[in-house]
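Input: a single structure, listed below in structure tokens.
The numbers here are math on the coordinates, done by the rules we state, and not lab data. Keep in mind that what you see is a predicted model, and the values were worked out from it rather than measured. Note: ideal-geometry Cβ built from the backbone for every residue, glycine included; neighbour counts use all protein chains shown.
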Amino acid sequence: MIYLFQAFKGLVKVRPVSIDNTVFRLHWLFTTVFLLAFSILVTTSQYVGNPIHCMPIGGVPDDLLESFCWIHSTFSVSKAFNLPVSQEIPYPGVSNSNGVSERNYHSYYQWVGFVLFLQALLFYTPYYLWKIWEGRLLVTICNIIQIVIVSDEELRKKTADLTHYILKHRGHHKYYAFKYFLCELLCLMNVIGQFYLLDLFLDGRFFTYGFELMQFSQRDQKDVVDPMTSAFPRMTKCEFHVYGSSGDVRKHNSLCLLPQNIVNEKIYIFMWFWFVILTTSTILVLCSRLGVICVFKVRLYFLRSRFRFTEEEQLRIISQNVDIGDWFLLYMLGQNVDQLILRETVEELVKVLETRNKASLPNVV
């Protein structure tokens with residue numbers, strides 16, 4: 001098991017240059033890692049242990065019966081979840097199924113590991129697109145100017161290099177910023193889409209899964225159905241048909257225990273609450289992006305949070321005189337470049353911008 005998780009080393013390694021924000025990393029890094037871990041956990045437990053145990057039927061080998069029920073699905077009876085255990089039924093969802101049409105067939109457990117892996121790929125996709133579109137721009141800039149200990153002459157040179165790049169490419173970073181904002185929007189679309197995907201996968205039980213569990217925990221548990229038991233039944237039934245001694249087809253019902261669902265119910269309740277947190281935080285981030293695009297004071301606020309050693313008035317001038325693309329590049333550099341270089345760079349940029357603004361004013365005679 002330890003060797004299986006070594007595949008995550010490249011994914012979770014420390015990156016010297018950050019090209020995204022915390023919420024973005026929660027999507028592509030944290031969520032992808034735990035989905036892959038869950039996929040490995042479920043898959044290995046299926047193939048190492050026995051994911052299903054069925055009550056023997058006379059004349060039918062146990063391995064054959066369990067393999068058949070695992071492949072061809074099991075079922076539970078809907079009305080049996082609301083009946084008292086030990087009085088009318090032996091277990092929630094299990095009852096006499098003769099003539100009963102309200103059956104819930106369960107075959108999703110065969111695909112849980114594959115669906116978790118697909119979810120991990122979907123969460124990683126926005127970051128993969130951003131890596132391609134970003135083109136290692138931040139890494140290239142930071143590798144050139146990043147320092148630990150330098151002389152005053154080296155500091156002036158690196159500051160001049162960064163200032164020269166920003167001024168030379170001023171106005172050419174709009175698509176750079178909007179591609180990043182698009183990837184954040186894709187993150188939101190992905191997590192909302194996965195609510196629909198899992199709701200379809202679990203026969204309409206995922207959307208309300210967390211709400212039902214919270215309601216269940218606050219009420220008398222004797223009066224309501226445990227949502228984890230109804231969504232992930234541990235005991236089900238399986239129909240197996242064989243030829244009798246006279247050549248007629250005989251139907252046998254076997255009780256089957258699904259120990260894998262004990263793990264599945266915990267995975268999906270964690271996933272439900274985590275997706276709610278991700279959705280909420282991503283909506284807040286996108287609202288802040290909208291504010292950055294439309295409101296000058298919002299841009300100034302975010303720059304102040306990154307440029308801690310720079311005077312606010314200089315940041316105000318920068319925010320007023322650069323477009324959203326150049327502002328975003330400076331904002332991203334703020335979390336990767338030494339604060340001393342950033343302060344000197346802003347001072348040089350302000351001098352150049354003020355000089356150009358004065359030169360552009362009409363002469364008054």
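Run through every distinct alpha carbon pair of region 125-197 and return the Kirkwood hydrodynamic radius in angstroms, one decimal place.
After inverting the mean inverse Cα-Cα distance, the result is 14.8 Å.
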Note to self: What do you get for the angle between helix 174-201 and the principal long axis of the chain? Use alpha-carbon atoms, 0 to 90 degrees, nearest ten.
What the structure shows: 10
Next item on the list: Taking the chain as the reference, fit the longest principal axis to its C-alpha atoms, fit the long axis of helix 312-321 to the helix C-alpha atoms, and give the angle between the two in degrees, 0 to 90, nearest 10.
Entry: 80
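Arranged from highest to lowest average of other beta-carbon atoms within 10 Å per residue, in what order do the peptides 250-259, 330-339 appear?
Working: 250-259: 16.3, 330-339: 19.5.
Averaged packing, sorted descending, gives the order 330-339, 250-259.
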Item checked: Helical contribution to [θ] at 222 nm, DSSP H n ≥ 4, -39,500 (n - 2.57), averaged over the chain, rounded to 500 -> -19500 deg cm²/dmol
Next item on the list: Taking the dipole about the Cα centre of the chain, with the C-beta of Lys and Arg at +1 and of Asp and Glu at -1, give me whichever of S18, S319, I283 is farthest to the positive side.
Entry: S319
Next item on the list: Among E344, E153, E102, determine the one that fluctuates most according to a GNM of the chain built with springs between C-alpha atoms less than 10 Å apart.
Entry: E153
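What's the magnitude of the charge dipole for region 2-356 around its Cα centre, counting Lys and Arg as +1 and Asp and Glu as -1 at the beta-carbon? Answer in Debye, nearest 20.
Details: 33 positive and 31 negative charges, 152 e Å.
Dipole of region 2-356, to the nearest 20 debye: 740 debye.
If we sort 202-211, 177-186 on the protection proxy, mean other Cβ atoms within 10 Å, highest first, what's the order?
On the way: 202-211: 16.0, 177-186: 18.2.
The most tightly packed comes first, giving 177-186, 202-211.
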Next item on the list: Report, ordered by chain and residue number, the aspartates and glutamates lying within cross-link reach of K168, taken as a straight Cα distance under 18 Å and ignoring same-chain residues fewer than 8 apart.
Entry: D323, D326, E344, E347, E348, E354
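Please give the contour-minus-distance gain from E239 to D63: 0.36 nm per residue of separation, less the Cα-Cα distance, rounded to one decimal in nm.
The span from E239 to D63 would gain 61.9 nm if fully extended.
Is the shape of region 93-214 best called rounded, prolate or oblate, per the rule: a/c under 1.5 gives rounded, else a/b larger than b/c gives prolate, else oblate, with a ≥ b ≥ c the square roots of the Cα gyration tensor eigenvalues?
Details: a/c = 4.58, a/b = 3.72, b/c = 1.23.
It comes out prolate by the Cα gyration axes.
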Notebook entry, point to check: Between the helical axis of 296-306 and the dominant principal axis of the chain, each derived from Cα atoms, what acute angle in degrees is found, rounded to the nearest 10?
Noted result: 80
Margin query: Going by amide H atoms built from the backbone, whose H comes under 5 Å of the H on D323, apart from near neighbours?
Written below: G171
